[in-house]
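Below is one structure; the comments refer to it alone.
The values are calculated or read from the model by the stated rules, or taken from the named source; none is laboratory data. Keep in mind that this is a model prediction, so the values were computed, not measured. Because the Cβ atoms are built from the backbone with ideal geometry, glycine has one as well, and the counts that use them run over all protein chains shown. Please note that ligands, DNA and RNA were not included when accessible areas were found on the heavy atoms of the full protein model with its side chains. Shrake-Rupley method; radii C 1.70, N 1.55, O 1.52, S 1.80 Å.
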Amino acid sequence: MKTKSPNISRDGSCVVIPGMATAHSHAFQRALRGRTQRRPTSDSSFWSWRGLMYELAAKLDPDDIYNISRFAFVELALAGVTAVGEFHYVHHQPDGTPYDDRVILSDAVIRAARDAGLRITLIRTAYLRGGYQQAPMSGQKRFIDPLVEHVFHDIEKLKKRYKTDDQVHVAIAAHSIRAVPIEQVRELSDFARENKMPLHMHVSEQRRELAECKQEYGITPIALLNQHGVLSNNFVGIHATHISSDEIKMLGETQSYVCLCRTTERDLGDGLAPTAELINAGAEICVGVDSHAVSDAFEEMRAVELDERSRTEARTVAAEAPKLLDAATRAGFTAIGMKEKWHQDQVFLSAADPSIACVDDALLSDAVVFGATPRAVQRVTINGRVIVEDGRHVNYEAVLKGYEKTMQKLSL
Ligand SMILES: [Zn+2]
């Protein structure tokens with residue numbers, strides 16, 4: 001079927017699309033790429049991967065977080081991303097003691113994005129416990145705040161610090177139902193509504209999380225959030241992989257956002273959200289790079305449809321190209337509180353790039369969404385400012401140097 005998206009046009013030798021948003025990122029995890037793929041001696045699972053991620057998180061100082069994040073953000077820019085929602089949960093020193101400047105690590109991530117030229121929403125994440133009836137593991141101590149008031153305080157501090165920079169937004173997250181009891185999720189949700197900022201939360205990513213939630217509350221996470229009035233078009237559920245048909249309905253009726261992170265979900269063996277059913281029910285879909293296991297915004301976008309094809313053994317199941325592009329642009333910007341900004345950025349793709357060459361105007365959106373790779377990205381502008389030119393990031397060499405310095409130090 002031929003479709004033409006109003007968001008894709010031609011400009012000389014280029015095809016122009018709006019800047020893309022990745023609504024869910026943990027930039028520091030970029031340092032794990034290629035380093036978690038071998039079979040461990042014990043079981044290989046999400047939970048064994050999480051152990052490796054905790055080991056990395058325990059080693060990082062503010063400069064490391066800055067260097068790794070800046071490199072990750074430059075790679076996103078090279079793939080046509082102009083706005084990132086950074087779900088940030090590494091807050092304190094390795095033993096859990098806050099830094100003198102409590103927000104020094106959030107600040108490092110924000111500066112990394114700004115120095116890479118990207119827009120960022122720093123999603124200050126609440127992480128209040130190790131799990132239901134579980135003492136924090138040593139690797140979790142950096143993440144934990146005893147009270148939600150600490151989270152609110154840090155958000156106010158960040159908002160104040162960056163109030164004159166309109167490319168920096170601040171939002172709030174509950175890490176997960178494992179890490180935040182429902183009473184505090186409600187408080188975070190109330191705060192988000194009062195402050196007109198989105199509330200993000202990992203939900204139903206792994207079956208074990210469902211079992212733990214049932215053990216504590218008698219129901220599964222989405223149903224619990226619905227019962228407590230947390231779901232709304234201000235709520236962004238990350239993953240929503242293992243959910244019931246009633247929960248699909250709840251997310252749809254409340255017009256909640258679901259952020260799919262397919263390259264990471266594949267990497268971690270999470271499973272696959274019932275994407276087509278979510279879309280049909282009325283949920284808003286956006287996408288995220290999450291662990292940076294792969295950084296390809298085009299792949300992230302088309303995987304929403306293509307992975308459903310693998311499951312259903314059918315084609316054109318969840319969405320066609322315009323809807324997928326909408327998920328990667330308008331919906332993603334809205335999910336990170338930048339609704340009014342999404343049309344200000346542009347990504348110029350070389351029309352001669354092999355991935356999209358010789359395509360009819362009427363099929364442009366299909367060709368770009370289902371075929372383009374980051375190699376086609378020639379130029380990226382954010383509100384008119386060029387951050388990628390001739391397929392190179394304007395500051396690539398210096399950024400790579402910083403990343404190399406940190407990776408040598410960490411010797412992972
Ligand atoms: Zn995540």
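Taken over the range 198-220, the residue count meeting the criterion of being hydroxyl-bearing (Ser, Thr, Tyr) and more than 16 Å from the ligand (Cβ to nearest atom) is 2. I'd like the residue in the range 221-231 that is open to solvent by less than 40 Å² (accessible area, probe 1.4 Å) and without any contact (Cβ under 8 Å) to a residue 40 or more places away in the chain and, out of all such residues, is nearest to the ligand (Cβ to nearest atom). Top of the filtered list is ILE222. Against the conditions (1) acidic (Asp, Glu); (2) open to solvent by less than 10 Å² (accessible area, probe 1.4 Å); (3) out of contact with any helix residue (DSSP H, G or I) (no Cβ under 9 Å at 6 or more places or on another chain), ASP190 satisfies every one except (2). The C-beta contact set for the range 49-76 (first residue under 16 Å from VAL294 (Cα atoms), second residue of a type in the set (Phe, Trp, Tyr), distance under 7 angstrom, 6+ apart or interchain) comprises ILE68/PHE28; ILE68/TYR403; SER69/PHE28; PHE71/TYR403; VAL74/TYR396.
Taken over the range 318-359, the criterion of being without any contact (Cβ under 8 Å) to a residue 24 or more places away in the chain and hydroxyl-bearing (Ser, Thr, Tyr) is satisfied by SER355 alone.
May I ask you to list pairs of residues, at least six apart or on different chains, whose Cβ atoms are under 7 Å apart, with the first in the range 306-317 being under 16 Å from GLY271 (Cα atoms) and the second being exposed (fewer than 11 other Cβ atoms within 10 Å of the Cβ)? Every condition considered, the pairs that remain are ARG309/ARG315. Quick one: would you say ARG266 is part of a helix (DSSP H, G or I), under 21 Å from GLU86 (Cα atoms), open to solvent by 10 Å² or more (accessible area, probe 1.4 Å) and within 16 Å of the ligand (Cβ to nearest atom)? For ARG266, the condition - part of a helix (DSSP H, G or I), under 21 Å from GLU86 (Cα atoms), open to solvent by 10 Å² or more (accessible area, probe 1.4 Å) and within 16 Å of the ligand (Cβ to nearest atom) - is met. Listed by position, the helices (runs of 4 or more DSSP H) contained in the range 1-116 that have at least 3 residues being modelled with pLDDT of 95 or more and within 16 Å of the ligand (Cβ to nearest atom) are 62-78. Taking the range 232-263 as the range and being within 16 Å of the ligand (Cβ to nearest atom) and either modelled with pLDDT under 95 or of a type outside the set (A, V, I, L, M) (or both) as the test, the residues that pass are PHE235, GLY237, HIS239, THR241, HIS242, TYR257, CYS259, CYS261, ARG262, THR263. Taking the range 273-314 as the range and being surrounded by fewer than 22 Cβ atoms within 10 Å (Cβ to Cβ) and either within 16 Å of the ligand (Cβ to nearest atom) or of a type in the set (Gly, Ala, Ser) (or both) as the test, the residues that pass are ALA276, ALA281, GLY282, ALA293, VAL294, SER310, ALA314.
Considering the range 251-263 alone, what residues qualify as being open to solvent by less than 40 Å² (accessible area, probe 1.4 Å) and farther than 22 Å from PRO40 by Cα? The answer is LEU251, GLY252, THR254, SER256, TYR257, VAL258, CYS259, LEU260, CYS261, ARG262.
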